[in-house]
Amino acid sequence: MKIAASFLDIKEPKCEELTKLDSLDVDYIHLDVMDGIFVENKTYTYEEFYNITRLTTKPKDIHLMVSDVKKYIDEFSKMNPEFLTFHYEAVSEVSSVLNYIKELGIKVGMSIKPSTDVAEIAKYLPYLDLVLVMSVEPGKGGQAFIEESTKKIEQLYNLREKENYNYVIEVDGGINDTTIRKCYKADMCVVGSFITKQNYEEALRKLRD
Ligand code: DX5
Ligand code: ZN
């Protein structure tokens, strides 16, 4: 299972904290970008994000929780992330956004909120590099894992087998050393507060166990 570390729960994150996260046994640095419109909270500007993460070496996994998706794609694509993920619920022209990211040469991810069913995004699955299943309501860290999410992971797993799709299945929200086990059919999980609210190395040991 690949792990993407989220620093959303670090208040006023600095380069030093990010370097510490980056040195752990994690596979990606996950950037939670919020605009105060699609979700209530607002994170940082592109320049601030760039500054905070400038010394990290791990590939970036960017999660856009924003309404004006194209504006943020134009900015954050400059970071050359491995994955750039937008929310299905935020856009009306899904295919156009999907192609827009692909044309930039970046792997495209699409995320669904807890209330959105896999069936709703079925027609886009052949074109996606990643599907992000939100296992909490997007908007803040430290919430409890929604158990129903495992059903969506299972559905996406089965569909990929059956139809020979290529997307990575990612799960985000409420992941700790217990809930990670329930997500064994996902390829990648985002972990925020479980890491940043305790000794980072110890948290990683527990997760990898
Ligand atoms: C929530 C964010 C998550 C968040 C996860 O909207 O997308 O990435 O940081 O935090 P935890 O692991 O604390 O649920
Ligand atoms: Zn996230």
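The values are calculated or read from the model by the stated rules, or taken from the named source; none is laboratory data. Given the structure is predicted, the values throughout are model-derived calculations rather than measurements. Positions of Cβ are generated from backbone atoms using ideal geometry, with glycine treated the same way; all protein chains shown enter the neighbour counts. These area figures cover heavy atoms from the full protein model, side chains too; ligands, DNA and RNA do not enter into them. Shrake-Rupley method; radii C 1.70, N 1.55, O 1.52, S 1.80 Å.
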Practice task
Report the residue count in region 187-209 for those that are within 14 Å of ligand 1 (Cβ to nearest atom) and within 30 Å of Asn166 (Cβ to Cβ).
Solution key: 9
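Residue-wise test of (1) open to solvent by 10 Å² or more (accessible area, probe 1.4 Å); (2) within 16 Å of ligand 2 (Cβ to nearest atom); (3) over 22 Å from Glu17 (Cβ atoms); (4) touching a Leu at 6+ places or on another chain (Cβ under 9 Å).
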| site | (1), (2), (3), (4) |
| --- | --- |
| Val118 | no, no, yes, yes |
| Glu154 | yes, no, yes, no |
| Asn158 | yes, no, yes, no |
| Gly174 | yes, yes, no, no |
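Considering Ser6, Ser23, which residue is within 15 Å of Thr196 (Cβ to Cβ), among the hydroxyl-bearing types (Ser, Thr, Tyr) and away from ligand 1 (no atom under 15 Å from the Cβ)? If you could, list the steps in order and put the result at the bottom.
On the way: Ser6 fails: away from ligand 1 (no atom under 15 Å from the Cβ).
Unique residue meeting the criteria: Ser23.
Within region 113-147, track down each residue that is of a type in the set (Gly, Ala, Ser) and touching a residue at least 12 places away in the same chain (Cβ under 8 Å). Working first, answer last.
Initially, region 113-147 is screened for residues of a type in the set (Gly, Ala, Ser), giving 115, 119, 122, 135, 139, 141-142, 144.
Within region 113-147, Ala122, Ser135, Gly139, Gly141, Gly142, Ala144 qualify.
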Practice task
Kindly indicate whether any position in region 55-68 is farther than 23 Å from Cys189 by Cα, touching a residue at least 24 places away in the same chain (Cβ under 8 Å) and not aliphatic (A, V, I, L, M).
Solution key: yes
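Taking the conditions exactly as written (farther than 24 Å from Lys185 by Cβ and under 13 Å from the mean Cα position of the chain (by Cα)), does Lys140 satisfy them or not? Lay out the reasoning, then the answer.
Values: farther than 24 Å from Lys185 by Cβ: yes; under 13 Å from the mean Cα position of the chain (by Cα): yes.
Yes; evaluated as a whole, the condition is true for this residue.
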Handout entry: Single residue of region 190-209 satisfying the filter (of a type in the set (Ser, Thr, Tyr) and crowded, with 19+ Cβ neighbours inside 10 Å) that is farthest from Gly139 (Cα to Cα)
Key = Thr196
Problem - Candidate set from region 17-50 (those that are assigned to a loop (DSSP other than H, G, I, E, B) and polar (S, T, N, Q)); member that is surrounded by the most Cβ atoms within 10 Å (Cβ to Cβ) - result: Thr43
Handout entry: Residues that are among the aromatic types (Phe, Trp, Tyr), within 13 Å of Ala5 (Cα to Cα) and without any contact (Cβ under 8 Å) to a residue 60 or more places away in the chain, drawn from region 158-209
Key = Phe194
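For residues in region 7-16 being of a type outside the set (D, E, K, R) and open to solvent by 10 Å² or more (accessible area, probe 1.4 Å), which is nearest to ligand 2 (Cβ to nearest atom)? Before you say what the answer is, go through the steps one by one.
From region 7-16, those of a type outside the set (D, E, K, R) are 7-8, 10, 13, 15; that's our starting set.
Imposing the further condition that a residue be open to solvent by 10 Å² or more (accessible area, probe 1.4 Å) reduces the set to 8, 10, 13, 15.
Details: Leu8: 7, Ile10: 14, Pro13: 14, Cys15: 20 Å.
By that ranking, first place goes to Leu8.
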Practice task
Please specify each residue of region 51-75 satisfying the condition of being of a type in the set (A, V, I, L, M), assigned to a loop (DSSP other than H, G, I, E, B) and surrounded by 14 or more Cβ atoms within 10 Å (Cβ to Cβ).
Solution key: Val66
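Let's see how each residue does on (1) in contact with a strand residue (DSSP E or B) (Cβ under 6 Å, 6 or more places away or on another chain); (2) under 19 Å from Leu132 (Cβ atoms):
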residue: Leu8; (1), (2): yes, yes
residue: Lys14; (1), (2): no, no
residue: Asp27; (1), (2): yes, yes
residue: His30; (1), (2): yes, yes
residue: Lys42; (1), (2): yes, no
residue: Lys58; (1), (2): yes, yes
residue: Lys71; (1), (2): no, no
